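Structure first, then comments.
The values are calculated or read from the model by the stated rules, or taken from the named source; none is laboratory data. Source: prediction; values computed, not measured. Note that we place each Cβ from the backbone using ideal geometry, even for glycine, and neighbour counts take in every protein chain shown. With ligands, DNA and RNA removed, areas are computed over all heavy atoms of the protein, side chains included. Shrake-Rupley method; radii C 1.70, N 1.55, O 1.52, S 1.80 Å.
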Number of protein chains: 2
Amino acid sequence: MKAASETENSKIEPTKSELEILQVLWEYGPSSVRFVNDKLNERREINYTSTLKLMQIMAEKKILKRDESAVKHIYHVTENEEKTKHHLLKKFVDAMYNGSASKLVVQLLGNGSTTKEDVEEIRNLLNKINEE
Amino acid sequence: MKAASETENSKIEPTKSELEILQVLWEYGPSSVRFVNDKLNERREINYTSTLKLMQIMAEKKILKRDESAVKHIYHVTENEEKTKHHLLKKFVDAMYNGSASKLVVQLLGNGSTTKEDVEEIRNLLNKINEE
DNA sequence: TGTTTCGTACGAAAAAATTCCTACATTAGA
DNA sequence: TCTAATGTAGGAATTTTTTCGTACGAAACA
């Protein structure tokens, strides 16, 4: 029974910069600091040691775990991506739409931020759910 | 032509605490500091002058505007609620789902965070869109 | 009218988050 | 082997955000 530790971990609340790093790791999988820093620098200027420090802190907080077997440490995200995203999404829905998912979708569909493809995909998804 | 000032304003990026205040103002409309502070204190302890300061700062940043005609100042949100929420939602989708709205909906529907009613409402919404 | 309550203004302290400097070890290449 | 490049560690400086203390004016009211 490891329910306790799981609920503890799911309380991840990454800061803005931490989220940037998570995004890289989610997209590219376990990476070195160098790699992450390069990716970040595609978007904005940030010193190597800053990224290092940040990732070290995230490792302390158990958001990341690192493989120290090689000199060049490799970091990976501890928590399951979907789980974390779901958690953050829920927080967002609670804060912005009083917990109402449909309100969010209304907003999503209601103004230009969705493409026709998006709408189609969502419709298909709903149909699938219906069949169950 | 006031397009310029409008786009400027839409770059609102409220901090965590600022968002708490926005939530109160969105829900209850223009309010005094006292009222907002009371609402906040239903959730967590926060000193009156802290809330005051925060709202003053938000007024400086033009997130809020205040009516000083009475001694007790009344604050209201400058920017349209929907517009701001849309902006924040877009940022969220970009950061978390690479800009893909349908991915977000997948997640929303994919795990217990939606009720049957939510799903129904979303379906109706889609049907409406279809008819157009 | 005197006192208490409630309001704003302002500045500073505290806390949180971000950034980077410096030191030193290891590795790669000339 | 010497040098340059690349890596981590750790602390400190900086910036941003949050919190609150103090001062003081206006209003309520006994």
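Considering only residues that are more than 22 Å from A:TYR97 (Cβ to Cβ) and more than 8 Å from DNA strand D (Cβ to nearest atom), which ones fall in the range B:36-47?
B:ASN37, B:ASP38, B:ASN41
Does B:TYR48 fit the bill of being touching a residue at least 12 places away in the same chain (Cβ under 8 Å) and in contact with a helix residue (DSSP H, G or I) (Cβ under 8 Å, 6 or more places away or on another chain)?
Here the answer is yes, as B:TYR48 does meet what is asked.
Does A:TYR28 satisfy being aromatic (Phe, Trp, Tyr) and more than 9 Å from DNA strand C (Cβ to nearest atom)?
Judged against the criteria, A:TYR28 is a match.
For the range B:96-110, enumerate the residues that are open to solvent by 60 Å² or more (accessible area, probe 1.4 Å) and within 7 Å of chain A (Cβ to nearest Cβ).
Let us first name the residues in the range B:96-110 that are open to solvent by 60 Å² or more (accessible area, probe 1.4 Å), namely B:98, B:103, B:106, B:110.
Within the range B:96-110, just B:VAL106 meets the criteria.
Residues are listed down the side, and each one gets a yes or a no for (1) within 16 Å of DNA strand D (Cβ to nearest atom); (2) surrounded by 17 or more Cβ atoms within 10 Å (Cβ to Cβ); (3) at pLDDT below 95:
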position: A:LEU25; (1), (2), (3): yes, yes, no
position: A:THR49; (1), (2), (3): yes, no, no
position: A:MET55; (1), (2), (3): yes, yes, no
position: A:LYS91; (1), (2), (3): yes, no, yes
position: A:ASP94; (1), (2), (3): no, no, yes
position: A:GLY112; (1), (2), (3): no, no, yes
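I want to confirm something. Restricting to the range A:62-72 and keeping residues that are more than 7 Å from DNA strand C (Cβ to nearest atom) and free of Cβ contacts under 8 Å to residues at least 24 places away in the same chain, which single residue is nearest to the other protein chains (Cβ to nearest Cβ)?
Here is the first cut: in the range A:62-72, the residues more than 7 Å from DNA strand C (Cβ to nearest atom) are A:62-70, A:72.
Applying the additional criterion that residues be free of Cβ contacts under 8 Å to residues at least 24 places away in the same chain yields A:65-66, A:68-70.
On the way: A:LYS65: 21, A:ARG66: 24, A:GLU68: 29, A:SER69: 31, A:ALA70: 30 Å.
Filtering first and then ranking leaves A:LYS65.
Where residues in the range B:73-89 are closer than 26 Å to A:GLU20 by Cβ, of a type outside the set (A, V, I, L, M, F, W, C) and within 12 Å of chain A (Cβ to nearest Cβ), which of them is surrounded by the fewest Cβ atoms within 10 Å (Cβ to Cβ)?
B:LYS83
Is it the case that some residue within the range B:118-129 is on the phi > 0 side of the Ramachandran plot, open to solvent by 60 Å² or more (accessible area, probe 1.4 Å) and of a type outside the set (A, V, I, L, M)?
no
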